[in-house]
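Below is one structure; the comments refer to it alone.
The values are calculated or read from the model by the stated rules, or taken from the named source; none is laboratory data. Since the structure is predicted, the reported quantities are computational estimates derived from the model, not experimental observations. Ideal geometry is used to build each Cβ from the backbone, glycine not excepted, and the neighbour counts take in all protein chains shown.
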Amino acid sequence: MAPKDGTPSGGGSDSRFFNTNKKGEMHELRMELHSTDRNIKVDAVKKVIASMTVGKDVSMLFTDVLNCAQTANIELKKLVYLYLINYAKSQPELTLLAVNTFVKDASDPNPLIRALAVRTMGCIRVDRITEYLCEPLGRALRDEDPYVRKTAAVCVAKLYDIAPELVRERGFIETLHDLISDSNPSVVANGVAALSEISETSGRDVMKISASVLQKLLAALNECTEWGQVFILDSLAKYTPADAREAEGIIERVTPRLQHANSAVVMSAVKVILSYMDVMGGGAHADSIRALTRKLAPPLVTLLNSEPEIQYVALRNINLIVQKRPNILENEIKVFFCKYNDPIYVKMEKLEIIIKLVSEKNIDQVLLELKEYATEVDVDFVRKSVSAIGRCAVKLDRAAERCIGVLLELIQTKVNYVVQESVIVIKDIFRRYPNRYESIIATLCDNLDTLDEPQAKAAMIWIIGEYAERIDNADELLDAFLETFEEEDPAVQLQLLTATVKCFLKNPEETQDMVQRVLDLATEESDNPDLRDRGFIYWRLLSTDPEAAKLVVLGDKPVIEDDTFRLEPNLLNVLVGQIATLSSIYHKPPEAFVVRAKRGATGSDGMGVGDLGDDIEEGDEEEYEDDNDVNRGGGGDDLLDIGGLSMNDNAASSNYGNLGLEPDMFGAPTPSVAEPEARMSKVCAPEKSGGIELWAGFRQVQGAVKLELDVRNISSNVPVSTLAIQLNKNSFGLSPAAQQIMCNPPIPVGGSGRHSVELVVNPAMLVQAPAGQPASPQIQVAIKNMTTGLVFYFAVNFAFEVLFSPDGALERATFIESWKSIDDKKELYGTVSDLPPASTDIDQVAAKFKAHHIFLIARRPVPNAEGQEVAYFSMRTTTGMVFMAELTFKKGVNAAKVCLKTEQIAYGVQAKVALETLLRS
């Protein structure tokens with residue numbers, strides 16, 4: 001800070017600008033901003049920037065800071081422009097006062113100031129500024145100084161994001177194409193980056209690489225900066241060579257990038273080469289492909305000598321590469337062996353790659369390594385290592401016996417979690433090689449007492465049931481499990497039920513009482529619908545046709561397949577084309593986790609809710625309805641006929657005003673309601689959690705997912721002051737943003753408190769649903785009372801509607817196109833009965849749904865079905881999953897028929913349950 005006499009302070013760190021807390025600070029800053037001393041003025045602006053950085057509101061100094069822009073001092077000008085960028089959105093009218101300064105600076109003799117002015121105008125995302133930006137930007141794109149040109153190129157991409165029509169009208173995209181022929185390689189790189197960004201934003205290929213452009217990109221590749229090289233290489237990866245010869249020529253120019261010091265350049269070069277190797281194919285180019293394969297291995301291995309974070313990213317990319325072309329690293333498996341000081345996330349990825357590279361040549365070496373890992377102290381790593389041994393057995397037929405030998409050695413260690421994981425993987429080996437290794441069952445049965453985890457219990461019970469005829473006391477073993485049937489996990493209960501029925505079918509005389517008991521427990525005592533349904537099916541089979549029961553329950557099962565290379569070929573090709581991006585780390589295509597806002601009018605167009613077909617070309621509307629009829633497996637009557645149901649038909653005379661609604665852009669009602677409250681349910685009783693009773697529910701607050709907890713201190717000996725929370729891996733990838741819950745004030749005995757835990761989507765927490773199975777709605781939670789040290793657990797079903805995003809309203813044409821394109825197999829049906837009267841009125845349903853970000857797209861009466869009406873809704877999750885629903889109502893009966901369509905079929909059940917729950921509420 002400047003001394004009181006007004007002389008500028010000497011050197012020192014800029015951190016001193018963060019340490020001011022004087023009274024009347026704003027007045028003092030205003031005086032310093034108007035000082036005639038340049039150093040005092042610079043220091044004053046730095047203080048303003050420092051206050052702005054730590055979150056103080058200094059917007060009242062806007063005009064004072066703006067006046068400082070009239071200076072030739074570039075340091076001061078940069079600071080002022082930084083302030084303007086930050087406050088432009090909140091002060092758009094005052095920002096217009098700076099336009100003259102921007103325009104003047106854009107013609108300044110100093111190229112740094114010209115570039116600074118254009119860059120700042122591009123960063124100020126205020127629509128009224130854009131019209132003043134076009135002239136200076138047009139001049140900057142043709143500026144004599146390359147620094148100004150490369151800055152202007154990036155500015156075009158920023159302008160396109162605000163006003164795409166303006167960019168097209170002014171011909172800026174054509175100018176960017178001209179910049180690719182620029183003599184300066186940095187300008188070329190920025191031009192390519194801008195065109196790539198515009199392509200992604202618009203969904204159209206505006207890059208258009210021709211033969212001449214290709215040569216210019218390859219020429220610039222050797223001279224531009226490392227990040228410029230990344231942009232150019234990424235563009236080349238999207239280019240499709242005319243033939244194998246051209247592909248080989250481009251690869252020859254790109255190959256030197258494999259030795260670059262920057263890992264991003266290396267990975268981008270690998271991406272280009274892998275893409276072009278597909279074009280080259282085999283045959284005459286087989287020798288070239290083998291040579292390239294040898295060249296790709298060393299740079300990938302070198303990446304594993306980097307720091308752990310880069311190693312992890314490299315490993316996730318290598319995981320894709322070895323699935324695409326395993327022979328690249330088939331002789332390099334040793335580099336993926338884990339080091340003692342590797343972080344756990346690196347070790348886990350290395351194990352995945354080891355499994356993919358293991359072969360009959362190196363299996364002995366790999367088994368020695370995995371056996372060593374199984375003695376480590378990290379439980380998760382040990383489990384993964386034991387699982388890896390089992391996966392090696394499933395993958396390699398000839399090595400299966402050696403793998404089982406290692407697993408039996410590990411079981412003899414009697415380490416609890418090692419034994420349990422071994423049992424789980426041995427079950428998979430039995431399923432892969434039926435009737436081959438049953439001699440080890442006796443060893444497994446000797447360790448029954450150590451099994452306490454649901455997966456391990458379920459695996460062991462499956463083995464007992466499957467090989468009951470070879471286990472002398474199979475019925476006694478199962479009977480021991482049945483003693484705790486009601487307390488077991490649903491997965492264990494299901495396996496117990498099936499194993500007992502298998503045992504009965506193989507030995508009916510001795511197990512009749514046991515099978516009767518388990519059927520009674522499953523059908524009468526359980527509230528699990530899956531268990532109940534399976535119990536009834538078995539009961540009906542056994543009572544009507546025991547021979548049919550044998551065919552169903554004891555029939556030959558398909559042998560499980562090796563899932564080492566689990567990605568579908570089409571998805572794998574997409575991900576290989578995305579190497580060196582987030583997609584290659586998440587192993588998901590960009591559209592699965594990136595949601596781009598759709599462009600289009602946001603105001604009302606005055607169309608009614610029944611006007612879905614207005615934008616369809618003449619004759620298409622009828623075709624649309626016919627297609628939907630066919631998709632349901634019958635004519636129009638089958639589509640919409642819901643038996644004797646009949647509903648009130650008030651589509652023609654809905655009264656938005658009475659409901660407190662406003663029509664949105666499709667004419668659908670928009671509720672003026674607060675964000676919905678969480679539906680709370682009791683999840684933990686006091687006797688299980690040290691005297692604390694817990695109620696839990698989920699809600700969305702301003703776009704954030706919240707886990708609401710009602711903490712009731714029923715009989716704890718001390719006040720509840722701090723809790724720690726942790727979520728198990730789940731189908732939605734949710735984890736707490738912060739693990740501590742501060743009860744302020746502490747909750748006394750007999751008191752209660754409501755606490756919100758923000759949940760964030762973490763890909764590492766995501767559990768993929770098994771193929772063909774719906775995602776589990778259950779979220780398992782652990783709570784630790786930090787005062788007493790007691791840890792307790794509960795499970796709660798997730799309310800899927802809290803993931804729905806405010807941008808879930810599809811355009812009508814998009815809705816129709818998407819509805820038609822989704823396969824019949826991805827449809828889910830259901831009938832919701834006993835609805836409250838409000839849930840049979842489409843207007844009120846739309847109001848209720850809109851509060852949960854479920855948007856009414858259109859509604860229409862059903863032809864030739866009096867009193868029936870159909871409403872179409874769309875919703876999109878914050879993770880990008882899109883769901884579309886058709887609800888059919890009929891006059892007079894409190895019921896509705898639901899049809900839901902989605903490409904994300906694993907989550908379709910959860911979306912359908914959410915709709916049905918909201919209808920019933």
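Scan 267, 280 and give me the residue that is buried (at least 18 other Cβ atoms within 10 Å of the Cβ) and under 23 Å from residue 197 (Cβ atoms). Break it down into steps so the answer makes sense when it comes.
Details: 280 fails: under 23 Å from residue 197 (Cβ atoms).
After applying the criteria, what remains is 267.
Against the definition (over 30 Å from residue 740 (Cβ atoms), hydrophobic (A, V, I, L, M, F, W, C) and either outside the structural domain of residue 846 (by TED's automatic domain parsing) or surrounded by fewer than 17 Cβ atoms within 10 Å (Cβ to Cβ) (or both)), how does residue 795 come out, yes or no?
Spelling it out, it is not the case that residue 795 is over 30 Å from residue 740 (Cβ atoms), hydrophobic (A, V, I, L, M, F, W, C) and either outside the structural domain of residue 846 (by TED's automatic domain parsing) or surrounded by fewer than 17 Cβ atoms within 10 Å (Cβ to Cβ) (or both).
Please count how many residues of the range 829-858 are assigned to a loop (DSSP other than H, G, I, E, B) and either under 24 Å from the mean Cα position of the chain (by Cα) or closer than 15 Å to residue 874 by Cα (or both). Please lay out each step first, then the result.
Filtering the range 829-858 down to residues assigned to a loop (DSSP other than H, G, I, E, B) leaves 833-836, 841, 851-854.
Pick out the ones that are also either under 24 Å from the mean Cα position of the chain (by Cα) or closer than 15 Å to residue 874 by Cα (or both) and you get 851-854.
The number of residues fulfilling the criteria is 4.
Pull up the range 375-407, narrow it to residues that are exposed (fewer than 14 other Cβ atoms within 10 Å of the Cβ) and among the aliphatic types (A, V, I, L, M), then point me to the one that is nearest to residue 429 (Cα to Cα).
379
Could you tell me which residue of the range 885-897 is nearest to the chain's Cα centre (by Cα), considering only residues that are buried (at least 20 other Cβ atoms within 10 Å of the Cβ) and not aromatic (Phe, Trp, Tyr)?
Taking the range 885-897 first, the residues buried (at least 20 other Cβ atoms within 10 Å of the Cβ) are 885-890, 895-897.
Subset that is not aromatic (Phe, Trp, Tyr): 885-888, 890, 895-897.
Working: 885: 22, 886: 26, 887: 28, 888: 32, 890: 38, 895: 35, 896: 32, 897: 30 Å.
Top of the filtered list is 885.
For the list (1) within 27 Å of the chain's Cα centre (by Cα); (2) over 26 Å from residue 453 (Cβ atoms); (3) hydrophobic (A, V, I, L, M, F, W, C), I need the number of the one condition that residue 351 fails.
Among (1) within 27 Å of the chain's Cα centre (by Cα); (2) over 26 Å from residue 453 (Cβ atoms); (3) hydrophobic (A, V, I, L, M, F, W, C), residue 351 violates only (2).
Answer with yes or no whether residue 333 is among the β-branched types (Val, Ile, Thr), over 13 Å from residue 402 (Cα atoms), surrounded by 19 or more Cβ atoms within 10 Å (Cβ to Cβ) and outside the structural domain of residue 397 (by TED's automatic domain parsing).
Values: among the β-branched types (Val, Ile, Thr): yes; over 13 Å from residue 402 (Cα atoms): yes; surrounded by 19 or more Cβ atoms within 10 Å (Cβ to Cβ): yes; outside the structural domain of residue 397 (by TED's automatic domain parsing): yes.
In short, yes.
Would you mind stating whether residue 155 is modelled with pLDDT under 90, under 38 Å from the mean Cα position of the chain (by Cα), closer than 30 Å to residue 62 by Cα and not in a loop (DSSP other than H, G, I, E, B)?
no
Within the range 247-262, can you find the residues that are of a type in the set (A, V, I, L, M, F, W, C) and touching a residue at least 40 places away in the same chain (Cβ under 8 Å)? Can you show your working first?
Residues of the range 247-262 of a type in the set (A, V, I, L, M, F, W, C): 247, 250-251, 254, 258, 261.
Result: 251, 258.
Quick test for you: out of 772, 703, 753, 691, pick the one residue that is small (Gly, Ala, Ser), surrounded by 15 or more Cβ atoms within 10 Å (Cβ to Cβ) and either within 30 Å of residue 827 (Cα to Cα) or in contact with a strand residue (DSSP E or B) (Cβ under 6 Å, 6 or more places away or on another chain) (or both). Walk me through it before giving the result.
Values: 772 fails: surrounded by 15 or more Cβ atoms within 10 Å (Cβ to Cβ); 703 fails: surrounded by 15 or more Cβ atoms within 10 Å (Cβ to Cβ); 691 fails: either within 30 Å of residue 827 (Cα to Cα) or in contact with a strand residue (DSSP E or B) (Cβ under 6 Å, 6 or more places away or on another chain) (or both).
Selected residue: 753, the only one of 772, 703, 753, 691 that is small (Gly, Ala, Ser), surrounded by 15 or more Cβ atoms within 10 Å (Cβ to Cβ) and either within 30 Å of residue 827 (Cα to Cα) or in contact with a strand residue (DSSP E or B) (Cβ under 6 Å, 6 or more places away or on another chain) (or both).
For the range 798-828, which residues satisfy the criterion of being part of a strand (DSSP E or B) and under 24 Å from residue 593 (Cβ atoms)?
Looking only at the range 798-828, we keep the residues that are part of a strand (DSSP E or B), and these are 804, 827-828.
The answer is 804, 828.
How about the range 182-254: which helices (runs of 4 or more DSSP H) wholly inside it have at least 1 residues that are outside the structural domain of residue 160 (by TED's automatic domain parsing) and among the charged types (D, E, K, R)?
On the way: elements: 185-202, 211-221, 226-237, 244-254.
Output list reads 244-254.
Within the range 745-775, how many residues are among the small types (Gly, Ala, Ser) and assigned to a loop (DSSP other than H, G, I, E, B)?
If we filter the range 745-775 for residues that are among the small types (Gly, Ala, Ser), which is where we start, we get 750-753, 756, 764, 769, 771-772, 775.
Going one step further and asking which of them are assigned to a loop (DSSP other than H, G, I, E, B), we end up with 750-751, 769, 771-772, 775.
So the answer is 6.
Please state which one of 773, 739 is without any contact (Cβ under 8 Å) to a residue 24 or more places away in the chain and more than 19 Å from residue 695 (Cβ to Cβ). Show your work before the answer.
Numbers: 773 fails: without any contact (Cβ under 8 Å) to a residue 24 or more places away in the chain.
On inspection, the qualifying residue turns out to be 739.
Filter the range 451-502 down to residues that are among the β-branched types (Val, Ile, Thr) and assigned to a helix (DSSP H, G or I) and give me whichever is surrounded by the most Cβ atoms within 10 Å (Cβ to Cβ). I'd like the intermediate steps shown before the answer.
First, the residues of the range 451-502 that are among the β-branched types (Val, Ile, Thr): 461, 463-464, 471, 484, 492, 498, 500-501.
Keeping just the survivors that are assigned to a helix (DSSP H, G or I) gives 461, 463-464, 492, 498, 500-501.
Working: 461: 27, 463: 24, 464: 27, 492: 23, 498: 18, 500: 31, 501: 26.
Only one residue fits best here, namely 500.
Has the range 116-139 got any residue that is surrounded by 22 or more Cβ atoms within 10 Å (Cβ to Cβ), in contact with a Phe, Trp or Tyr (Cβ under 6 Å, 6 or more places away or on another chain) and of a type outside the set (Val, Ile, Thr)?
Among the residues of the range 116-139, at least one is surrounded by 22 or more Cβ atoms within 10 Å (Cβ to Cβ), in contact with a Phe, Trp or Tyr (Cβ under 6 Å, 6 or more places away or on another chain) and of a type outside the set (Val, Ile, Thr), which makes the answer yes.
Considering only the range 62-99, state which residues are touching a Ser or Thr at 6+ places or on another chain (Cβ under 9 Å), surrounded by fewer than 20 Cβ atoms within 10 Å (Cβ to Cβ) and hydroxyl-bearing (Ser, Thr, Tyr).
90
Out of 264, 242, I need the residue that is of a type in the set (A, V, I, L, M, F, W, C), at pLDDT below 90, out of contact with any strand residue (DSSP E or B) (no Cβ under 6 Å at 6 or more places or on another chain) and more than 14 Å from residue 321 (Cβ to Cβ). Which one?
242
Take the range 193-248 and flag every residue that is of a type in the set (Asp, Glu) and over 31 Å from the mean Cα position of the chain (by Cα). Please lay out each step first, then the result.
Here is the first cut: in the range 193-248, the ones of a type in the set (Asp, Glu) are 197, 200, 205, 223, 226, 234, 243, 246, 248.
223, 243, 246, 248, listed by residue number.
Write out, first by first residue and then by second, each pair whose Cβ atoms fall under 8 Å of each other, whose residues are 6+ apart or on separate chains, and whose first residue, in the range 263-275, is without any contact (Cβ under 8 Å) to a residue 24 or more places away in the chain and part of a helix (DSSP H, G or I) while the second is surrounded by fewer than 22 Cβ atoms within 10 Å (Cβ to Cβ) and hydroxyl-bearing (Ser, Thr, Tyr).
273/255
What are the residue pairs meeting all of these: first residue in the range 433-461, first residue at negative phi and in contact (Cβ under 8 Å) with a residue 60 or more places away in the chain, second residue assigned to a helix (DSSP H, G or I) and of a type in the set (D, E, K, R), Cβ atoms under 9 Å, and 6 or more apart or on different chains?
From the range 433-461, the pairs are 434/466.
For the range 58-75, which residues satisfy the criterion of being of a type in the set (A, V, I, L, M), in a helix (DSSP H, G or I) and within 17 Å of residue 109 (Cα to Cα)?
As a first pass, look at the range 58-75 and keep what is of a type in the set (A, V, I, L, M): 58, 60-61, 65-66, 69, 72, 74.
Then drop every residue that is not in a helix (DSSP H, G or I), which leaves 60-61, 65-66, 74.
Matches in the range 58-75: 74 only.
Could you tell me whether any residue of the range 293-302 is within 23 Å of the chain's Cα centre (by Cα), at pLDDT 90 or above and crowded, with 21+ Cβ neighbours inside 10 Å?
As a first pass, look at the range 293-302 and keep what is within 23 Å of the chain's Cα centre (by Cα): none.
Among the residues of the range 293-302, not one is within 23 Å of the chain's Cα centre (by Cα), at pLDDT 90 or above and crowded, with 21+ Cβ neighbours inside 10 Å, which makes the answer no.
Filter the range 889-921 down to residues that are touching a Gly at 6+ places or on another chain (Cβ under 8 Å) and among the hydrophobic types (A, V, I, L, M, F, W, C), then give me how many there are.
Of the residues in the range 889-921, 3 are touching a Gly at 6+ places or on another chain (Cβ under 8 Å) and among the hydrophobic types (A, V, I, L, M, F, W, C).
Looking at (1) within 23 Å of residue 455 (Cβ to Cβ); (2) of a type outside the set (Ser, Thr, Tyr); (3) surrounded by fewer than 19 Cβ atoms within 10 Å (Cβ to Cβ), which is the one condition that is false for residue 516?
(1) is the only condition that residue 516 fails.
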